[in-house]
Amino acid sequence: MTKKQRNRRKARRQQSVKHAQTAARHDREKAIKRRLRARERVILPAGREWLAVEAYPLSGNRCAKALTAAGLPVFEAREKVREQRDGGPPRVAMVPVMRRVIFVGLRGWSDMRLIEECRHVWQVFGVIGDGLGWIHREQFRQALLDADICGDRAVPFIAAGPMQHFADHVCKYMRYDPDTDTSHVVSGDELLELLYGVGDRVRVTSGPFASFPGVVESHDRKTDLYTVGVSIFGRVTQVACEERHLEAA
């Protein structure tokens, strides 16, 4: 092989590596854009005070729909979770963060009657003695009657500002920084830090390969799964992992 042929082969290898790095960078940029679209801010109605209620078991969706039909805005914190049941194909489900707990927006004391009339509401978060706790449906009805008679309407309402702040953090629109004790809107650069590129060294944190180190080999945009090459007894095994099951090594 002549020197010219060796240089030509070397140039082709360098070009292939450059193309692979460019493709990986484009994949990461597309993933960021997809996350930004999915991470739209939830704007809660203004001029409302919010109250936490708990639905009966297996009635969370029905409770939220019934309260919405009664004219009350609701907020139920949910997050995306990838599930795979009975060996079927994986699917993405929106799972409640606080199961059966729904935040209801009220204009005034009269809206409390709408909560009482909703048959799917099991408990309401309120004042119990000298503290706070969950009040059962029947006790809540009596508490409303006593409040109307005595005029004592001590209810732990959440103001509109703190409730919007809570929703922004639950929906991952904002992030809390413990170093500065402040919150800020998550930027594209911070989303980039959450992703792993091809060739990055990571460690599996969950599943049968937990604590095993590996190298990211590829990322499937359709399933949002990473293929990680894990070294087991000297042999590299490809393992499909979600991003939340990986950490930087």
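List of remarks:
- Over all other residues within a Cβ to Cβ distance under 13 Å of Pro45, the charged ones net out to 0, with Lys and Arg as +1 and Asp and Glu as -1.
- Taking other residues whose beta carbon is less than 11 angstrom from the beta carbon of His120, and scoring Lys, Arg as +1 and Asp, Glu as -1, yields +3.
- Förster radius 22 Å - calculated FRET efficiency between His169 and Met94, Cβ distance, rounded to 0.05: 0.80
- Highest mean packing first, where packing is the average number of other Cβ atoms within 10 Å per residue, the peptides 41-53, 170-182 line up as 41-53, 170-182.
- Segment 197-249, dipole about Cα centre (Lys/Arg Cβ +1, Asp/Glu Cβ -1), debye to the nearest 20: 120
No lab work stands behind these numbers, since they all come straight from the coordinates. Since this is a predicted model, take the numbers as computed values, not measurements. Glycine gets a Cβ as well: all are built from the backbone with ideal geometry, and neighbour counts include every protein chain shown.
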